[in-house]
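The values are calculated or read from the model by the stated rules, or taken from the named source; none is laboratory data. The structure presented is a predicted model; accordingly, all values stated were derived computationally and were not measured. Here the Cβ positions follow ideal geometry from the backbone for every residue, glycine too, while neighbour counts run over all protein chains shown. The accessibility values were calculated without ligands, DNA or RNA, using every heavy atom of the protein model including side chains. Shrake-Rupley method; radii C 1.70, N 1.55, O 1.52, S 1.80 Å.
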Amino acid sequence: MLAAACGRGLRLPEVLAVLPDFTMTAVGPRTETPFSRADMLGSVWVVDFIFTRCGGPCPLLSQRMAELSRKLPPQVRLLTITVDPEGDTPSRLRQYAAAFGARTPRWLFLRGTTTETYRLLFAGFRQHMSVDPQAPPENRVTHSTRFVLVDRKGAIRGFYDGLSALDNAALARDALRLLEAGA
């Protein structure tokens, strides 16, 4: 899945899709502010999807994001989107972010309405999820464990298994290539 070569012969990941316009809420340590696709433009982003009551892979995904925040230069920003906007209140997201050492503005946590979240996940990031309202809260949502690499123009450049060390290494390499190429 490599396309156009950049200046030094490195190949950049191809454009797979372009994110649609959206608006959600960025939950910071003390504030909640609107966040949209326009806010992503100009930066390279790594995006993942979690919920704070998760009894499955979410804590490991967040640990991997924390590792990426230490490995990658600050120009690569991180975005975590909750897939349980009803359960993940702003205070719950703040506690969760603090537990993983998330620092704003580098690593943001987004929350939207259920409709906004589903639309952005399916139509925007092309990720799957399902909800079983009868399941216990820690097992209620099943969702993708893929990280998504987004370039400075809001285009998706790759999907990576967030649970795989090899995929995380490839993600870091591709994010650095996008930075170097100004893409």
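Yes/no per residue for (1) surrounded by fewer than 16 Cβ atoms within 10 Å (Cβ to Cβ); (2) under 16 Å from the mean Cα position of the chain (by Cα); (3) small (G, A, S):
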| position | (1), (2), (3) |
| --- | --- |
| P105 | yes, yes, no |
| F109 | no, yes, no |
| T114 | yes, no, no |
| G124 | no, yes, yes |
| Q134 | yes, no, no |
| P137 | yes, no, no |
| T145 | no, yes, no |
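Considering only the stretch 80-89, I want to know if a residue exists there that is in contact (Cβ under 8 Å) with a residue 40 or more places away in the chain and closer than 26 Å to L178 by Cβ. Yes. Taken across the stretch 106-118, residues that are farther than 19 Å from S43 by Cβ, touching a strand residue (DSSP E or B) at 6+ places or on another chain (Cβ under 6 Å) and polar (S, T, N, Q) do not occur at all.
Yes or no: the stretch 124-145 includes at least one residue that is modelled with pLDDT of 95 or more and closer than 27 Å to E14 by Cα. Can you show your working first?
Step one: list which residues in the stretch 124-145 are modelled with pLDDT of 95 or more, which gives none.
No - not one qualifying residue is present in the stretch 124-145.
Residues in the stretch 52-67 include at least one that is more than 18 Å from T114 (Cα to Cα), more than 16 Å from the chain's Cα centre (by Cα) and in contact (Cβ under 8 Å) with a residue 24 or more places away in the chain. Within the stretch 33-51, which residues are touching a residue at least 60 places away in the same chain (Cβ under 8 Å) and farther than 20 Å from R126 by Cβ? Within the stretch 33-51, G42, S43 meet the criteria.
Would you point out the residue of the stretch 8-65, among those that are open to solvent by 70 Å² or more (accessible area, probe 1.4 Å) and of a type in the set (S, T, Y), that is nearest to T82 (Cα to Cα)? The qualifying residue nearest to T82 (Cα to Cα) is T23. Listed by first and then second residue, the pairs with beta-carbon distance under 9 Å, at least 6 apart or on different chains, first residue in the stretch 165-183 and closer than 16 Å to W45 by Cβ and in contact (Cβ under 8 Å) with a residue 24 or more places away in the chain, second part of a helix (DSSP H, G or I) and open to solvent by less than 20 Å² (accessible area, probe 1.4 Å), are N168/L68; L171/L68; A172/L68; A175/L68. Hey, can you tell me all the residues within the stretch 74-99 that are among the hydrophobic types (A, V, I, L, M, F, W, C) and either closer than 17 Å to L60 by Cβ or surrounded by 14 or more Cβ atoms within 10 Å (Cβ to Cβ) (or both)? Result: V76, L78, L79, I81, V83, L93, A97, A99.
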